[in-house]
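Contents: one structure, followed by commentary.
The values are calculated or read from the model by the stated rules, or taken from the named source; none is laboratory data. In this text, all values refer to a predicted model and were calculated from it rather than measured experimentally. A quick note on method: Cβ atoms are made from the backbone with ideal geometry, for glycine too, and the neighbour counts reach across all protein chains shown. We work out accessible area using only protein heavy atoms, side chains counted, and drop any ligands, DNA or RNA first. Shrake-Rupley method; radii C 1.70, N 1.55, O 1.52, S 1.80 Å.
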Amino acid sequence: MTNLLLRESWTFDMRTGLLYYSMLCTSLSLYLLIMLTRQIKSQSVCSRESVEMVKQIAAKLKNVESDCMMYTPNHANYKQNCSKSTITCFAFEVSVLSVEIQVERMAFRQLQRILNRVTKRLQDEMEMNCPVCELYKEESAKTFLNSLQHILEQMNAEKICAP
């Protein structure tokens, strides 16, 4: 009889303990999910960081002799409601530039990721009328980076990419 009571109390304690720990795990999981969601939502894809990366790449470009020409969208292309195709072209050309000048590629990869995320958030109003990248004028890499920097600064000022 005592053995039976001991076994039942042990089972009760075990169930209570499992219930307690499962509630703790659930609470912790929900907390982590909420915090992760808040962090993802509050991350601005267009940030000063992206502008700083362009400046770093431009500084690296000064140390490299390069005559490469890049398809360069300009401010007018961006303003013609072709923001998505403009940023898509910049993202593609950044990867081309990294291959062309062959320097440390970490900043290039980070910038390309940011530009790809920006592209996903943007919507061209007149998608059919937006030019493909190869139709933009070919400019020097320096002009290309200046144009990209200017457009990113404008996007930051307009808060287009804010969540």
Q: Estimate the FRET efficiency between A58 and N81 by the formula 1/(1 + (r/R0)^6), using the beta-carbon distance for r and 35 Å for R0, to the nearest 0.05.
A: 0.80
Q | Computed lengthening from K142 to V96, 0.36 nm per intervening residue step minus Cα-Cα distance | A | 15.2 nm
Q) So, in Å, what gap is there between the alpha-carbon centers of segment 87-111 and segment 51-78? A) 9 Å
**Q.** Spin-label model distance (nm) - D67 vs S22, 7 Å beyond Cα toward Cβ
**A.** 7.3 nm
Q. Taking the simple approach of a point 7 Å from Cα along Cα-to-Cβ for both M106 and R48, what is their distance in nm?
A. 2.1 nm
Q.
Accessible area of segment 48-159 with a 1.4 Å probe: how many percent of it is carbon plus sulfur?
A. 48 percent
